[in-house]
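Written out below as structure tokens is the structure these notes cover.
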There are 2 protein chains.
Amino acid sequence: LRIGIFDSGLGGLTVAASIKKEIPQAQLVYFGDTARVPYGPKSKGTIQRYAKQDANFLLSKHIDILVIACNTATSFALELLKKEYNLPIIGVVEPGVKAALTASKEAIIGIIGTIGTIKSNAYQEGISRFKPRATIIAKSCPLFVPLVEEGFLYHAVTRLIAEEYLDVLKRARIDTLVLACTHYPLLKPVIQDILGEDVRIVDSAIETAREVVSVASQMGLMPDTNQEPVHEFYLSDIDYSFSSVVLDELGLGDLNPVEVDIEEF
Amino acid sequence: LRIGIFDSGLGGLTVAASIKKEIPQAQLVYFGDTARVPYGPKSKGTIQRYAKQDANFLLSKHIDILVIACNTATSFALELLKKEYNLPIIGVVEPGVKAALTASKEAIIGIIGTIGTIKSNAYQEGISRFKPRATIIAKSCPLFVPLVEEGFLYHAVTRLIAEEYLDVLKRARIDTLVLACTHYPLLKPVIQDILGEDVRIVDSAIETAREVVSVASQMGLMPDTNQEPVHEFYLSDIDYSFSSVVLDELGLGDLNPVEVDIEEF
């Protein structure tokens, strides 16, 4: 079982780490578009063009399932990619939406993500479709990604910024919060602490990994080997700076990335 | 006089604003590579490829002088572009270096910039060449750009992060600080406040604008018209989100950008 995963950068590693936990025998083929990161503030047309190149590259690596481990790319390009390619494609939005609908009792649901993800309305529409009366409070948190990449996971300024961003959600008394950005699971401790233990936090990375298990099982692709898989790790810019704190936190260790000229795909 | 200016994004607008102040009659042709911003954490090869595309695009607009309003692109690609194109090309590094050498009395000079600019050693080498005994303290400040883009120019967390980043420079008792990133002039008030009034802050945007005046004069290109110039403003992604606080601060008003597919150049 070869699972292709792409993200705008290294945030999608939270999804890769979750899939690795669920299916330890699967071979992961990760592509991070570090030469063009971030996707968050960019437009739909730009993201669709990038997502097609990212998918083309991973398909050239003979994958069985494609995971879009990037909320912006899922919001803007999942439907387009599903139309163009003939393999199961899993985005991070739907698993997060489903989990939020299950978790929320009061139907007061918060969504946090990048500017692009929030503007795309993908989560808001997904939730409203099934729970039209749900109260949804969506808030973009543009500084969270750079804070994670700087390794400021438990830093005082991260807490201050999080308090400011989350204030509107707290005042609205949300009972469930969706982390609609793959970097955000790394900030879950501080977010949970600010919102209190009663608020259920939905981690799209974990939910997406569960969806991958379900699709792989349906297709009869679950590996029954005991062989240690060899993961492949590609970046469009291998010198991209990313705090090692994050890699340690994810338990992914050394990744030995290979560089890819993504504009050729 | 048509002056082409490119930057990885919108930070170079500080340079454009400074040039506009120095030569109000010049026509500015600005290109911001917002589809691939930021350049800071990316590698030399990637930045060189991007800088050539950016220059090719501006040359297609019949400019007389090319300004690289991006420290990372100047550090990695100025020499390359000078070899390939036959017009005056001005980067932001040399004007900043010259101004720092003039400003510093004790020759204890601080440099702050993105990870890419600091790693490139362009400023450090520039200063050492003329003042081999200078003490140079270089420090990357990766969160400054996202803080500016969020419009947090006078925010408490910006001050906290700045205090942390600048601590090593303060303890080294620098007498001069070079703002080696085009976003940073917008943080000058908080930086000056933390370092104290005795530390001279060199603003690369202002120094670069002065260099443009000097080159335009030498070439006999200084305009002697009273006509109001029409500026042109291009972005590789026109929907890029950028706090309007910044545009207000720069006095640039509405920019009405036109979108360019930069990968075609």
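In this structure, the amide hydrogen of A:ILE90, modeled 1.01 Å from its nitrogen in the peptide plane, lies closer than 5 angstrom to those of A:LEU66, A:VAL67, A:ILE68, counting only residues at least 5 positions away or on a different chain. Rounded to the nearest Hz, the phi-derived 3J(HN,Hα) couplings of the range B:62-71 under the Karplus curve 6.51 cos²θ - 1.76 cosθ + 1.60 (θ = phi - 60°) are 6, 8, 9, 9, 10, 10, 8, 8, 9, 5, where x marks glycine and proline.
Candidates B:GLY45, B:LEU58, B:VAL93 compared by Cα position along the dipole of the range B:35-107: farthest toward the positive end lies B:GLY45, with charges placed on Cβ.
What are the distances, in nm and sorted shortest first, from the label point of A:VAL168 to the label points of the same position in each other copy, with each label point placed 7 Å from Cα along the Cα-to-Cβ direction? Shortest to longest, the spacings are 3.6 nm.
Residues in the range B:206-212 carry Karplus couplings, in order, of 5, 5, 5, 4, 5, 5, 4 Hz; the curve used is 6.51 cos²θ - 1.76 cosθ + 1.60 with θ = phi - 60°, and Gly or Pro positions show x. Taking a straight line from the alpha carbon of B:LYS83, these lysines sit under 22 Å away, with near neighbours fewer than eight places off in the same chain left out: B:LYS44, B:LYS52, B:LYS61.
Taking the C-alpha atoms only, the angle from helix A:13-22 to the longest principal axis of chain A is near 80 degrees.
Peptide A:111-121 shows a mean partner chain C-beta count of 1 within 10 Å per residue C-beta. Measure nothing fancy, just the Cα-based angle from helix A:156-171's long axis to the longest principal axis of chain A, in degrees from 0 to 90, nearest 10. That helix lies at roughly 60 degrees to the long axis.
Each part gets one Cα centre, and for the range B:98-121 versus the range A:98-128 those centres are 46 Å apart.
For chain B, a simple Cβ point-charge model (Lys and Arg +1, Asp and Glu -1, everything else neutral) yields a dipole of about 1220 debye relative to the Cα centre. In chain A, a dipole from Cβ-located charges (positive for Lys and Arg, negative for Asp and Glu) runs towards its positive end, and of A:SER18, A:HIS231, A:TYR165 it is A:TYR165 whose Cα lies farthest in that direction. About the centre of its Cα atoms, the range A:1-148 shows a dipole size close to 240 debye [charges on the beta carbon of Lys, Arg (+1) and Asp, Glu (-1) only; nearest 20 debye]. Shielding of peptide A:143-150 by partners, expressed as the average count of other chain Cβ atoms within 10 Å per residue Cβ, is 4. Starting from the Cα of B:HIS155, move 7 Å in the Cα-to-Cβ direction to define the label point; list residues of the range B:166-187 whose amide nitrogen is under 17 Å from there. Answer for the range B:166-187: B:183-187.
Just to verify a number: FRET efficiency for B:GLU197 and A:GLU163, C-beta to C-beta distance, R0 = 35 Å, to 0.05? Using R0 = 35 Å, I get an efficiency of 0.60.
Here the range B:100-213 is treated with +1 on each Lys and Arg Cβ and -1 on each Asp and Glu Cβ, and its dipole about the Cα centre works out to around 440 debye.
Label separation (A:ARG129 vs A:GLU84): 2.1 nm, computed from points 7 Å beyond Cα along the C-beta direction. Quick one: if the Förster radius is 51 Å, what FRET efficiency do B:THR102 and B:GLU228 give, using the C-beta to C-beta distance and rounding to 0.05? Computed FRET efficiency for B:THR102 and B:GLU228: 0.90. Rolling a 1.4 Å probe across all protein chains gives B:HIS62 an accessible area of roughly 140 Å². Which of the residue pairs A:LYS42/A:LYS82; B:LYS21/B:LYS105; A:LYS21/A:LYS98; A:LYS119/B:LYS42 have a Cα-Cα distance greater than 24 Å in the structure shown? Violating the 24 Å Cα-Cα cut-off are B:LYS21/B:LYS105; A:LYS119/B:LYS42. Dividing the summed -39500 (n - 2.57) terms of all DSSP H runs of n ≥ 4 by the residue count of chain B sets its mean residue ellipticity at 222 nm at -13500 deg cm²/dmol.
Considering only B:VAL245, B:LEU81, B:ILE109, and ranking their Cα positions along the charge dipole of chain B that arises from unit charges at the beta-carbon of Lys, Arg, Asp and Glu, the one farthest toward the positive end is B:ILE109. Karplus-derived 3J(HN,Hα) values for the range A:139-148, using 6.51 cos²θ - 1.76 cosθ + 1.60 with θ = phi - 60°, are 9, 7, 10, x, 7, 4, 4, x, 5, 5 Hz; glycine and proline are entered as x.
Across the identical copies, the 7 Å label point of B:GLU84, projected outward along Cα→Cβ, sits 2.7 nm from its counterparts, in ascending order.
Along chain B, the longest continuous region that contains none of the GluC sites (Glu not before Pro) in a DSSP loop with at most 15 other C-beta atoms within 10 Å is B:1-105. Highest mean first, the peptides A:138-147, B:112-121, A:219-228 sorted by other C-beta atoms within 10 Å per residue fall in the order B:112-121, A:138-147, A:219-228. Here the simple spin-label model places points 7 Å from the Cα toward Cβ, and for B:ARG210 and B:LYS44 these points are separated by 3.0 nm. Plainly put, the tip 7 Å out from Cα toward Cβ on A:THR225 is 6.9 nm from that tip on each other copy, the closest given first. Legend: mean number of C-beta atoms from other chains within 10 angstrom of residue C-beta atoms, peptide A:153-164, equals 3.
The values are calculated or read from the model by the stated rules, or taken from the named source; none is laboratory data. As the structure is a prediction and not an experimental result, all values here were calculated from the model. Virtual Cβ from ideal backbone geometry, glycine too; neighbours counted across all protein chains shown. Please note that ligands, DNA and RNA were not included when accessible areas were found on the heavy atoms of the full protein model with its side chains. Shrake-Rupley method; radii C 1.70, N 1.55, O 1.52, S 1.80 Å.
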